[in-house]
Amino acid sequence: MDDAQYEHQERIRESKCAVSYIANELLENAMKYNWEQAHSQIKFGIHF
């Protein structure tokens, strides 16, 4: 694997980690600040 391919794979890995972190934070906040009397669903998704 040459340097360009390595850098590309590293960038993909870092992006996946960042997306995972953000999704986890959103989920934690949704659960933490959930208002039980509101009968609406929370959905989130990531599309590339």
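Could you please find all residues in the range 1-12 being exposed (fewer than 10 other Cβ atoms within 10 Å of the Cβ) and of a type in the set (D, E, K, R)? Quick ask: steps written out before the conclusion?
Going through the range 1-12, the residues exposed (fewer than 10 other Cβ atoms within 10 Å of the Cβ) turn out to be 1-5.
Within the range 1-12, Asp2, Asp3 meet the criteria.
For the condition part of a helix (DSSP H, G or I) and either touching a residue at least 24 places away in the same chain (Cβ under 8 Å) or within 11 Å of the chain's Cα centre (by Cα) (or both), Tyr6 does not qualify. Residues in the range 13-48 that are aliphatic (A, V, I, L, M) and surrounded by 10 or more Cβ atoms within 10 Å (Cβ to Cβ): Ala18, Val19, Ile22, Ala23, Leu26, Leu27, Ala30, Ile42. Filtering the range 28-45 to residues that are part of a helix (DSSP H, G or I) and in contact (Cβ under 8 Å) with a residue 12 or more places away in the chain leaves only Ala30.
No value in this document is a laboratory result; all are computed from the given coordinates. Here the structure is a predicted model, which is why all the values come from computation and not from measurement. Methodologically, a virtual Cβ is constructed for each residue, glycine included, from the backbone with ideal geometry; neighbour enumeration extends over all protein chains shown.
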